[in-house]
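Novice: There's a structure below that I have some questions on.
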Amino acid sequence: MGKIGKFVSVIVTSVLVLSACNTQSEAGEKQTVKAKENTTSQVFEPHKDLNQQPTPLKMERVGEHEVNVEMTAQITDIPITKGNIYKAWTVNGEAPGPVIVVNEGDLINFTLKNIDPAIPHSMDFHAVHAAPSKDFIDVMPNETGTFSYPANNPGVFMYHCGTKPVLSHIANGMHGTIIVKPKDGYPTDSEVDREFVIIQNEWYKYNDLNDFTNGTPSNVIFSAKALKEGDVNTNGTVGALVDSPLLAKVGDKVRIYVNNIGPNEVSSFHVVGTLFDTVYVDGNPFNLMKGLQTVMLPASGGAVVEFTVTKEGSYPIVTHQFNHATKGAVGTLKVTKDGMDDGSETMSH
Amino acid sequence: MGKIGKFVSVIVTSVLVLSACNTQSEAGEKQTVKAKENTTSQVFEPHKDLNQQPTPLKMERVGEHEVNVEMTAQITDIPITKGNIYKAWTVNGEAPGPVIVVNEGDLINFTLKNIDPAIPHSMDFHAVHAAPSKDFIDVMPNETGTFSYPANNPGVFMYHCGTKPVLSHIANGMHGTIIVKPKDGYPTDSEVDREFVIIQNEWYKYNDLNDFTNGTPSNVIFSAKALKEGDVNTNGTVGALVDSPLLAKVGDKVRIYVNNIGPNEVSSFHVVGTLFDTVYVDGNPFNLMKGLQTVMLPASGGAVVEFTVTKEGSYPIVTHQFNHATKGAVGTLKVTKDGMDDGSETMSH
Amino acid sequence: MGKIGKFVSVIVTSVLVLSACNTQSEAGEKQTVKAKENTTSQVFEPHKDLNQQPTPLKMERVGEHEVNVEMTAQITDIPITKGNIYKAWTVNGEAPGPVIVVNEGDLINFTLKNIDPAIPHSMDFHAVHAAPSKDFIDVMPNETGTFSYPANNPGVFMYHCGTKPVLSHIANGMHGTIIVKPKDGYPTDSEVDREFVIIQNEWYKYNDLNDFTNGTPSNVIFSAKALKEGDVNTNGTVGALVDSPLLAKVGDKVRIYVNNIGPNEVSSFHVVGTLFDTVYVDGNPFNLMKGLQTVMLPASGGAVVEFTVTKEGSYPIVTHQFNHATKGAVGTLKVTKDGMDDGSETMSH
């Protein structure tokens, strides 16, 4: 591993300005939601000028029921909101990391390349059966670890770095979603026209375990992620859903794979203007609910939600815990005649 | 639209004293839950001396599957607790607003009269399918907007003003419950003797978006609302459930339509001394659960809960998130021989 | 155990040091989660030098469908974490109190002996049908109260002192779990090899109703409790799960009765390295869910969760609201070849 040298704590001045929340009412009264001052934040010395370019996810099927997945642990600047950069601990240079999609019954041969020069990282997939003390263990800086485990349960699952302090590794950005497609599909598969992945996570003061533990989030963000390579309508790499709408056309049945990866807060996921005809709790076809206005997601919890959009227009997507929506957890589904962006303004909250 | 004039921000000193929480233990030790000081709150100048009298809900059936509903957006003083007045942004002068009851399959022709002289308001019904950017749009001061949309899903749904900043409009009081009765009824309809509506909401510092976003509630309140005009046992206009008990008689099967309208917090709804034999999550007959001690409600989430009261006495109703119960989210169901109030003391928490 | 010195409760200086959260990253950087200073806490004068020894639970079956249960309300020092003593208001000298297990259909004849010399206490079982204003009433210091009520609903239920201010009585330690075994068992009974009980609760500043109501927890703790007398692998009296692992052997189907007794927070219960094959919400066999990564528990809510451990190793148990895990809500399930502790290190978070 070589010499890492001493970790000198440097004060970082990347102030997290909650610019999305400086709102001006129509009546001319200015209301400002103050972001936290970021005076105590610290970046590791070896991370100081480090901004490792995103690494494409490597994934290949090597058998009918076997896939190889390779991911990196790396340090990459993430724009939480426009102009608000967080030097994140990431998976593949994204935060949340890339979405992994496998099939129920797959064996996952997983490789973690830790290219963070400073600290160990690891990987805990909620989708698999594994012995954490052997299969989710630390991979040292500049080393590679390989592990195998089965994904026998269908659903929408969180993955995250499990290196201690776990809260720091999750809150600094090492999290994402793995989808395990059910062997027999969902009963509603044939009805669905569009699929999206939305992930909710919180951001706090930079690498501040005290704020992670005792504070409230500076930002709560929805990210849309590509379900498969080349997906349109999703900003599959970095950035928040608020910046670019999802698209559908009138009459489409829309499916969203939603995952609340916390690290601390629960979510009340809701799409304005519609109801969820079908909800599969944690994405398991057995856990069917119908006609929900809002789905309750525990920290790390997932769901598959489906609904049909009947009219052209702009449909805001929120957590109905509106303090979190105000801190950024919003997005838009734009419904047009043909499913193409017509350039109309989206509705803001 | 008339003259609105300039909006001068005035400091308001309407201190929210949490008097319900000044408790004195039997041992003589005094414990006081301090309410927040309310030094930064602001009321719009045009609202300053405004207290618009409550407007009765207008609702008429105009077809087998069509109803007209007219509501007002207005500024009205709401007693959150005794002597604690909040100059609320309201629907019809109530906060929460009046309960609307329609049938599954109804088309709702909705009119919003905005009699607030200062700012725009709007209406977002969680019960309907609509294009938010067209059907939930702002109605300017002293103007009227009319919209039509179907209510095709049975359940217990939130409605609220969707004008931005949405959090301010909800937290200042523009919220309520719409019940869509299932076409085929609930399987348990014939067993139910009494029905009530209970709504949970939070109050914060007056019109303080920073406190709405980053603070904790000053008060959390249960309101009982009339299910239909002339209902006994419910204070159908304004005021909290804590002030007057609900009534039932021994042996009654009681149904509560419960809705947690937030804006920020989830709820753990519970009735002391009983269990919910039947729970329909979000009020949809499909989402049946049995034997719950407590039902988890996301922000905006609803439920139908049913239970049978077997003994005379006083049954406290709470959210079992007891910090919120301590801040006011309590009520009482009084069970007597004949279902009439016998004047006995209610049990306090 | 060496010299411990005297535990003198002074107006209280028992500072709640969150020692579990003083973490040192592998890279040598020290991160500290500061606990709250405990300057305003107060102990009742009659409790000042009081530390009543734990009282074994008295329980005897007196009929096929009738049990006598006797519990005490008493003041006992509870080690929340090592060296961090809380002069708790307890049931039987434990906090959480002892687990009670009865059968669906049992009549419970319950006796509460209040040996706290200073203040009244009472008992609210979520498992029973009762008139709270008669059956859950206060028992005065040095007095005894007896009550009878049926436990007709199967499940995992909270019990707690219901004397006002209720939040103070719960937050100071008077809470626990009662399990009502279903008449026809759980469909999965024959598959289960090991059963455990895990209870989550929060601790705050000592007897500080303001902190209970407006603060955040100082500690969040998982306690393992004995399901029946003489259970191995559970520290059935006092202490947190973090101190001693639960044990299972490879291939075991493990059942956990889990109960989140708050008083304020919801829980996102999760076991690392596995998924819950079976979840019975609130412990009712009717409320079946499958394949959950995490179960959402409202304040006071319970569940039965089942999973099979397929590999030797150490499986952390957490609430995935990771700020709470960081404050102590962690445990370990150690899986060995033969189900005996092999002395291997547990995995920490």
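Novice: With a 1.4 Å probe, how much accessible area is buried between chains B and C, both sides summed, in Å² to the nearest hundred?
Specialist: It comes to approximately 3900 Å² buried between B and C.
Novice: Return the Rg/Rh value of region C:33-181, two decimal places, where both radii are evaluated on C-alpha atoms and Rh is the Kirkwood radius.
Specialist: With Rg and the Kirkwood Rh in hand, the quotient comes to 1.00.
Novice: Partner chain Cβ atoms within 10 Å, averaged over the residues of B:270-282 - can you pull that number for me?
Specialist: Neighbouring Cβ atoms belonging to other protein chains average 6 per residue here.
Novice: Out of residues 5 or more away from C:T72 or on other chains, whose amide H comes under 5 Å of its own, with H placed 1.01 Å from N in the peptide plane?
Specialist: When sequence neighbours closer than 5 places are left aside, the close amide H contacts are C:N92, C:K113.
Novice: Which of the three applies to region A:100-252, rounded, prolate or oblate, going by the alpha-carbon gyration tensor with a ≥ b ≥ c and a/c under 1.5 meaning rounded?
Specialist: Verdict is oblate for region A:100-252.
Novice: Let me ask another. Please give me, ordered by residue number, the GluC sites (Glu not before Pro) of region B:276-349 that lie in loop per DSSP and have at most 11 other Cβ atoms within 10 Å.
Specialist: The qualifying sites are B:E345.
Novice: Please list, by residue number, every one of the trypsin sites (Lys or Arg not before Pro) in region C:124-208 that is coil in DSSP and has at most 14 other beta-carbon atoms within 10 Å.
Specialist: Those that pass, being in a loop and sparsely packed, are C:K183.
Novice: So what J values fall out for region C:317-324 if you push phi through Karplus, 6.51 cos²θ - 1.76 cosθ + 1.60 with θ = phi - 60°, rounded to Hz, Gly and Pro as x?
Specialist: My calculation for region C:317-324 gives 10, 9, 8, 7, 6, 6, 4, 6 Hz in order.
Novice: When DSSP assigns beta bridges and you keep just the ones with both residues in region B:189-336, what percent turn out antiparallel, to the nearest 5?
Specialist: Counting only bridges with both partners in region B:189-336, antiparallel ones make up about 75 percent.
Novice: Using the Karplus curve 6.51 cos²θ - 1.76 cosθ + 1.60 with θ = phi - 60°, work out ³J(HN,Hα) for each residue of region B:212-221 in order, rounded to whole Hz, and write x for Gly and Pro.
Specialist: Ordered by residue, 3J(HN,Hα) equals 4, 8, 10, x, 10, x, 6, 9, 10, 10 Hz.
Novice: So who's got an amide H within less than 5 Å of the one on B:F196, skipping anything under 5 residues away but keeping other chains? H placed 1.01 Å off N, in plane.
Specialist: Amide H to amide H, under 5 Å and 5 or more residues apart or across chains, B:F196 pairs with B:R255, B:I256, B:Y257.
Novice: For an R0 of 45 angstrom, estimate the FRET efficiency from the Cβ-Cβ distance between A:K183 and C:K337 and round to the nearest 0.05.
Specialist: 0.90
Novice: On to the next question. Leaving out ligands and nucleic acids, note down the accessible area per residue over region C:33-181 with a 1.4 angstrom probe, in whole Å².
Specialist: With all protein chains present, region C:33-181 gives 33 Å² per residue.
Novice: Among C:N214, C:I198, C:L333, flag the residue with its Cα farthest along the positive direction of the charge dipole of region C:189-336, charges on Cβ as +1 for Lys/Arg and -1 for Asp/Glu.
Specialist: Among C:N214, C:I198, C:L333, the one farthest towards the positive end of the dipole of region C:189-336 is C:L333.
Novice: When only Cα pairs under 8 Å and 6 or more residues apart are kept, what is the percent relative contact order across region B:189-336?
Specialist: 27
Novice: Please give the net charge around C:L50, taking every other residue with its beta carbon less than 13 angstrom from that of C:L50, where Lys and Arg add +1 and Asp and Glu add -1.
Specialist: Summing Lys and Arg as +1 and Asp and Glu as -1 gives -2.
Novice: Applying the Karplus parametrisation 6.51 cos²θ - 1.76 cosθ + 1.60 with θ = phi - 60° to the phi angles of region B:123-130, what ³J(HN,Hα) value in whole Hz is obtained for each residue in order, glycine and proline being reported as x?
Specialist: 9, 10, 8, 5, 7, 10, 9, 7
Novice: Next up: Using amide H atoms built 1.01 Å from N in the peptide plane, name the residues 5+ places from B:S267, or on other chains, whose amide H lies under 5 Å from its own.
Specialist: Those qualifying (amide H under 5 Å, at least 5 residues apart or on another chain) are B:L297.
Novice: For a quick check of your reading of the filter: which chymotrypsin sites (Phe, Trp or Tyr not before Pro) in region C:285-325 sit in a DSSP loop and have no more than 16 other Cβ atoms within 10 Å?
Specialist: For chymotrypsin sites (Phe, Trp or Tyr not before Pro) across region C:285-325 that sit outside H, G, I, E and B with at most 16 neighbouring Cβ atoms in 10 Å, the list reads C:F286.
Novice: I want the antiparallel fraction of DSSP beta bridges within region B:103-232, as a percent rounded to 5.
Specialist: So the antiparallel bridges amount to about 95 percent of the total.
Novice: Let me ask something else about it. Before anything else, pin down the relative contact order of region A:33-181: Cα pairs under 8 Å, at least 6 apart, normalised by residue count, whole percent.
Specialist: Rounded, it is 23 percent for region A:33-181.
Novice: Right, another one. Rounded to the nearest Å, what's the spacing between the alpha carbon centres of region C:156-226 and region C:248-267? Just the number, please.
Specialist: If you average the Cα positions of each part, the centres end up 11 Å apart.
Novice: Here's another thing I want to ask about it. Along the charge dipole of region B:246-293, pointing to its positive end and built from +1/-1 on Cβ of Lys, Arg, Asp and Glu, which listed residue (B:T274, B:P263, B:L288) has its Cα farthest out?
Specialist: About the Cα centre, the residue reaching furthest to the positive side is B:T274.
The values are calculated or read from the model by the stated rules, or taken from the named source; none is laboratory data. In this text, all values refer to a predicted model and were calculated from it rather than measured experimentally. Positions of Cβ are backbone-derived with ideal geometry, glycine not excepted, and every protein chain shown enters the neighbour counts. Quick note on the areas: whole protein, heavy atoms, side chains included, nothing else; ligands and nucleic acids left out. Shrake-Rupley method; radii C 1.70, N 1.55, O 1.52, S 1.80 Å.
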